[in-house]
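Peer 1: Before I ask anything, here is the structure I am working with.
The values are calculated or read from the model by the stated rules, or taken from the named source; none is laboratory data. Computed from a predicted structure; not experimentally measured. When we count neighbours, we look across all protein chains shown, and the Cβ atoms used for this are built from the backbone with ideal geometry, even at glycine.
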Amino acid sequence: MNDGVQKYVDKAKKTIAEQHRYIKDEVKKWKFDTIAVHGAYSVQEAIENNQGSIIEPVFMSSSQAFRDSDEMEAALAYLIPSWTYSRIHNPSIGYLEATLALLEGYGFGGETGCCVASSGMAAIASATDPFLVKKSDMPNEAINFVSNAQIYGGTFQQFNIRKMQDRGIECRWVVDPNNIDEWASKIDGNTRFLFGELPSNPGLSFFDLQKVIDLAHEHGIPAIFDTTIATPALLRPIALGADIVIHSVTKTLTASGFCIAGAVIARKQITCNVENDEMKEDFATYIKLLPNRDLGWCLSPMQAILTLNDMRTLRSKMDLLSQNSMKVAEFLEGHPKVSTVNYLGLEDHPLHEVASKYLWLVDAEYDDQYRKPVNRYGHLMSFQLEGGITAARTFFDRLKRIWRATDLGRIKSVATIPSISTHQQMGEDLRSMASIPADLIRLCIGAEHPDDMIADLEQALSKI
């Protein structure tokens, strides 16, 4: 490279070194709430680069200008930190990615990176597709991956239709994810990763996370988990050894409901059996600068800042939503017209014990209200009524305050019937495999007073 390009590279190295020092020596020592509020955005950066703006600014621009041809060359060769074009990167997006990487990596001694995407579905494709490449010398190789069957309907369709039917890549379904032998029986030399969603939407499936991580690494493949429902306030798989975590940021991380977004968070040096050193070393940066650059799954700067603002109170919000949900679940469990309730916080739930092993309110031991570790089980539940689908639809149609929508993770309570909405396209046989009966009602409790939500449920139940 010429001297002009080298000048920018040398300057960038100093900037990167200072950023790493700041995160390692200062940010990583903060509590979860402080990281959620500040992320990696420092007073120094605000004063030097953003006219002292306390809040991270929205860079509503499609592209970046350069001082000269040397700086442009260095930037487009990825030799210096830059954003160049908002399809590749943008400073506002960078603030969100840095915060998510730190929150998901809280309690993990190593480094984490993040790449945000335009939706949760884009995040799932971003996290999985790079592993599903065929070796050039084995064009007929039967690539496969393994997933628990109890996953979000959109994820199921992406795996079952887009990957299996369209591309001939086999997804091997695990029906009982707490049976580690079933996971092991699906793995062979062509398996590229293990994928799990927990707690699952809508059936609240849960499994022993550590066992699945260890199994993946025994076979030299990454363990990838969707923990959208838990958020890093309750569960952080990377600290347990997982390689990659996925979030539909649309949900609880953006509880206001203002945007659609997704995120992939990965530890550095992932376990992987695909020969791609760059991908192994820093998966999040790799997918951002290469595959996602070409596919265009970028997030808008405004959405990034809206989400960042929602995330600042994540821990206290998850605590409140979890407590509200427990009260509602206890009400439903005791109601004579309700036949089953799926909420992991209920002690008689068959998965309560394994969920309690992993779902903990982060930093509760530093909270004056608790001063000890506290289990919290999130805001999602599902239930069935005596009377089957007819009763379910009658009840659903009578709700007055709880919103009928396919959304979840909102600050407002929302309900749906998955068999006719989020999981409709799966078909009856596949819904049965995924443990989603026709009359299952999914309920996501928000921040309203639980007594008011219980009153709405009570009046709707009285109509059947």
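Peer 1: State yes or no: is ASP348 on the phi > 0 side of the Ramachandran plot, modelled with pLDDT of 95 or more and either surrounded by fewer than 19 Cβ atoms within 10 Å (Cβ to Cβ) or not assigned by TED's automatic domain parsing to the domain that holds ALA255 (or both)?
Peer 2: no
Peer 1: Under 8 Å between Cβ atoms, at least 6 apart or on separate chains: pull out the pairs that start in the stretch 104-124 with a residue that is in the same structural domain as LEU240 (by TED's automatic domain parsing) and end on any residue that is surrounded by fewer than 20 Cβ atoms within 10 Å (Cβ to Cβ) and among the basic types (Lys, Arg).
Peer 2: Filtered contacts from the stretch 104-124: GLY110/LYS268; GLU111/LYS268; THR112/LYS268; GLY113/LYS268.
Peer 1: Further question: Note down all Cβ pairs under 8 Å where the first residue falls in the stretch 305-332 and is under 14 Å from ALA233 (Cβ atoms), the second is of a type in the set (Lys, Arg) and crowded, with 20+ Cβ neighbours inside 10 Å, and they're at least six residues apart or on different chains.
Peer 2: Hits for this filter: MET318/ARG376; ASP319/ARG376; SER322/ARG376; GLN323/ARG376.
Peer 1: Examine the stretch 141-163 for a residue that is buried (at least 17 other Cβ atoms within 10 Å of the Cβ) and among the basic types (Lys, Arg), and state whether such a residue exists.
Peer 2: Yes, the stretch 141-163 contains at least one residue that is buried (at least 17 other Cβ atoms within 10 Å of the Cβ) and among the basic types (Lys, Arg).
Peer 1: Residues ALA46, ALA65: which one is surrounded by 13 or more Cβ atoms within 10 Å (Cβ to Cβ), more than 30 Å from LEU361 (Cβ to Cβ) and free of Cβ contacts under 8 Å to residues at least 60 places away in the same chain? First the steps, then the outcome.
Peer 2: Values: ALA65 fails: surrounded by 13 or more Cβ atoms within 10 Å (Cβ to Cβ).
Among ALA46, ALA65, only ALA46 is surrounded by 13 or more Cβ atoms within 10 Å (Cβ to Cβ), more than 30 Å from LEU361 (Cβ to Cβ) and free of Cβ contacts under 8 Å to residues at least 60 places away in the same chain.
Peer 1: Here's a check for you: in the stretch 412-439, which residue that is out of contact with any helix residue (DSSP H, G or I) (no Cβ under 8 Å at 6 or more places or on another chain) and of a type in the set (A, V, I, L, M) is surrounded by the most Cβ atoms within 10 Å (Cβ to Cβ)?
Peer 2: The selected residue is VAL414.
Peer 1: Test ASN178 against the criterion of being over 23 Å from GLU104 (Cβ atoms) and of a type outside the set (Val, Ile, Thr), and give yes or no.
Peer 2: The answer is yes for ASN178.
Peer 1: Please go through the stretch 94-152 and pick out each residue that is among the acidic types (Asp, Glu) and modelled with pLDDT under 95.
Peer 2: Answer for the stretch 94-152, where residues must be among the acidic types (Asp, Glu) and modelled with pLDDT under 95: ASP137, GLU141.
Peer 1: Right, something else. Those residues that are part of a loop (DSSP other than H, G, I, E, B) and surrounded by fewer than 24 Cβ atoms within 10 Å (Cβ to Cβ), I need them from the stretch 238-248; list them, please.
Peer 2: From the stretch 238-248, those part of a loop (DSSP other than H, G, I, E, B) are 241-243, 248; that's our starting set.
GLY241 - this is the single residue of the stretch 238-248 that is part of a loop (DSSP other than H, G, I, E, B) and surrounded by fewer than 24 Cβ atoms within 10 Å (Cβ to Cβ).
Peer 1: Test each condition in (1) modelled with pLDDT of 95 or more; (2) touching a Ser or Thr at 6+ places or on another chain (Cβ under 8 Å); (3) small (Gly, Ala, Ser) for ALA364 and report the one that comes out false.
Peer 2: (2)
Peer 1: Checking TRP83 against (1) in contact (Cβ under 8 Å) with a residue 60 or more places away in the chain; (2) touching a strand residue (DSSP E or B) at 6+ places or on another chain (Cβ under 9 Å): exactly one of these is not met. Which one?
Peer 2: The one condition TRP83 does not meet is (1).
Peer 1: Among residues belonging to the stretch 333-345 that are crowded, with 18+ Cβ neighbours inside 10 Å and free of Cβ contacts under 8 Å to residues at least 60 places away in the same chain, point out the one that is nearest to SER316 (Cα to Cα).
Peer 2: GLY345
Peer 1: Going by what's in this entry, would LEU299 be described as in contact with a Ser or Thr (Cβ under 7 Å, 6 or more places away or on another chain), outside any helix (DSSP H, G or I), buried (at least 16 other Cβ atoms within 10 Å of the Cβ) and at pLDDT 95 or above?
Peer 2: Taking the combined requirement at face value, the residue satisfies it.
Peer 1: Run SER316 past the list (1) in contact with a Ser or Thr (Cβ under 9 Å, 6 or more places away or on another chain); (2) assigned to a helix (DSSP H, G or I); (3) within 30 Å of PRO91 (Cα to Cα) and report the number of the one that doesn't hold.
Peer 2: Condition (1) is where SER316 drops out.
Peer 1: Can you tell me which residue among ALA284, ALA233, ALA266 is closer than 30 Å to ASP367 by Cβ, aliphatic (A, V, I, L, M), surrounded by 24 or more Cβ atoms within 10 Å (Cβ to Cβ) and in contact with a strand residue (DSSP E or B) (Cβ under 9 Å, 6 or more places away or on another chain)?
Peer 2: ALA266
Peer 1: In addition: Can you tell me which residue within the stretch 210-251, out of those that are among the hydrophobic types (A, V, I, L, M, F, W, C) and out of contact with any Phe, Trp or Tyr (no Cβ under 9 Å at 6 or more places or on another chain), is farthest from VAL264 (Cα to Cα)?
Peer 2: Only one residue tops the list, namely ILE229.
Peer 1: Which one of these is modelled with pLDDT of 95 or more and under 29 Å from TRP173 (Cα atoms): ARG376, ARG371?
Peer 2: Sole residue among the options that is modelled with pLDDT of 95 or more and under 29 Å from TRP173 (Cα atoms): ARG376.
Peer 1: What residue, of VAL58, VAL37, VAL5, is assigned to a helix (DSSP H, G or I), at pLDDT 95 or above and farther than 20 Å from TYR286 by Cα? Don't jump to the end; show me each part of the working.
Peer 2: Working: VAL58 fails: assigned to a helix (DSSP H, G or I); VAL5 fails: at pLDDT 95 or above.
When all the criteria are applied, what remains is VAL37.
Peer 1: When the stretch 190-246 is examined, which residues are found to be among the small types (Gly, Ala, Ser), under 24 Å from LYS163 (Cβ atoms) and at pLDDT 95 or above?
Peer 2: The initial filter retains those residues of the stretch 190-246 that are among the small types (Gly, Ala, Ser), namely 196, 200, 203, 205, 216, 220, 223, 230, 233, 239, 241-242.
This time we only want the ones that are under 24 Å from LYS163 (Cβ atoms), so: 196, 200, 203, 205, 216, 220, 223, 242.
Of everything in the stretch 190-246, those that are among the small types (Gly, Ala, Ser), under 24 Å from LYS163 (Cβ atoms) and at pLDDT 95 or above turn out to be GLY196, ALA216, GLY220, ALA223, ALA242.
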